[in-house]
Amino acid sequence: MGNGTSIGRVRGLGPSHEGAHHWLLQRTTAAGNLVVIIWLLASFLMLGDFSYANVSAWLAQPIAAVPMVLLSISLFWHARLGLQVVIEDYMVDAGTKFALITALNLVAIGGAAFAIFSVATLAFGVQG
Amino acid sequence: MSQRDHHSARPLSPHLQIWRWGPHMLVSILHRVTGSALSLVGLPLLVWFLGSLASGPEAFATFTFWMGSPLGIFVLIGLSWALFNHMMSGLRHFVLDIGAGYDLDVNRFWSVASPLIAVALTVALWSYVLLA
C-alpha cells in the first residue's frame, strides 16, 4: 500500500489482499478445461476397447500424451482455485484456513505431478 | 402488470431470513457442489486411472474391475452428471462475465436450462455407452 495515486492507496486492502488475478486464472483454466474435457470424452468414446494394451498404446502416443499432460495441469489448477474459494468462504478461523489452503496446494501439485509422471512413464516406454 | 403484481415480482435479495429459493440460487450452489465433487472424487479417479496404466496390466485390471462394477458405474454416472452440470453452469458464468444475461427472464431461463441440459447430456452419454 502506497500513499501516492488513488489506486495505490487502496490496492491490496480487501480481506484476501488480492483477487483479480485469481478470478482471471479461474476463467483461463475453465476455458482450458472445456477444451481438454471434450477431447477426453471424445477419446474415451472412440477408444471403445478398454483393455490395457489398447489404452496404454493410445496414451503412449504424443497426440494423446500431450493433451493428457495439459489436462492434468488445467484440471488440478482449476480445482485448486475453486476449492481455495470454498475454504475461504466456510473456514472462519484464520489458522484453519491457512492450514487447509497449504494442504490443498500440496495435494493439488502432488496429484498433478503424479498424473504427469504417469503419462510420461507410458509415453517414454518404461512402465513395469 | 397490475400494481399489486408488480410489487410481488420485485427481485428478492437473500437478505437475512427474507428470501426464498429460486433457480438462480440452485444453479449457483450446484456449481459449487459439483465443482467440489469433481475435485474430490473425479481427480483422484483420474490419478488412479493414469497411475494404474503406468503401473502395468495388473494394476489397470484392478482399476477397470472397480470401474465396471455396479458401484463404479454409479460413481461414473454421478461424476459425468457433475461434469456436465458444472460445464453448463460454467458456460453460463462466461456469458454473465461479459455482462450479458442479467435480464430477469433471460437469467431465470438459463438458470433452469443449464441443469436440464446437463441431465440431457448425461442421459445421452450413458444411453450411447450402455446401448452401443
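With no solvent and one point on each alpha carbon, what is the Debye value of log10 I(q)/I(0) for the protein assembly as shown at q = 0.10 Å⁻¹? Log10 of I(q)/I(0), two decimals: -0.63. Counting only alpha carbon atoms, the long axis of helix B:57-68 and the longest principal axis of chain B meet at about 40°.
Between the Cα long axis of helix A:20-47 and the first principal axis of chain A there is an angle of about 10°, rounded to the nearest 10.
Only Cα pairs under 8 Å and 6+ residues apart enter the sum, and on that basis the relative contact order of chain B stands at 30 percent.
Among A:Thr5, B:Thr64, which comes first, then next, by fewest other beta-carbon atoms within 10 Å? Please list the in-between numbers first.
Numbers: A:Thr5 9, B:Thr64 16.
Result, fewest neighbours first: A:Thr5, B:Thr64.
What FRET efficiency comes out for B:Val33 versus A:Arg9 if R0 is 51 angstrom and r is the Cβ-Cβ distance? Round to the nearest 0.05. Result of the calculation: an efficiency of 0.85. For A:Ser51, B:Ser114, the sequence from fewest to most other C-beta atoms within 10 Å is A:Ser51, B:Ser114.
Per-residue shielding of B:32-40, expressed as the average number of other chain Cβ atoms within 10 Å of the residue Cβ, stands at 4. Here each label is just a point 7 Å from Cα along the line to Cβ, and for B:Leu26 and B:Leu40 those points are 2.3 nm apart. As a proxy for reagent exposure, A:Ile73, B:Ile117 were ordered by neighbouring Cβ count within 10 angstrom, fewest first; the result is A:Ile73, B:Ile117. Relative to the longest principal axis of the Cα atoms of chain B, helix B:23-37 runs at roughly 20 degrees.
Each value in this text was obtained by applying a stated rule to the coordinates, not by laboratory testing. Since the model is a prediction, treat every value here as computed from it, not as a measurement. Positions of Cβ are generated from backbone atoms using ideal geometry, with glycine treated the same way; all protein chains shown enter the neighbour counts.
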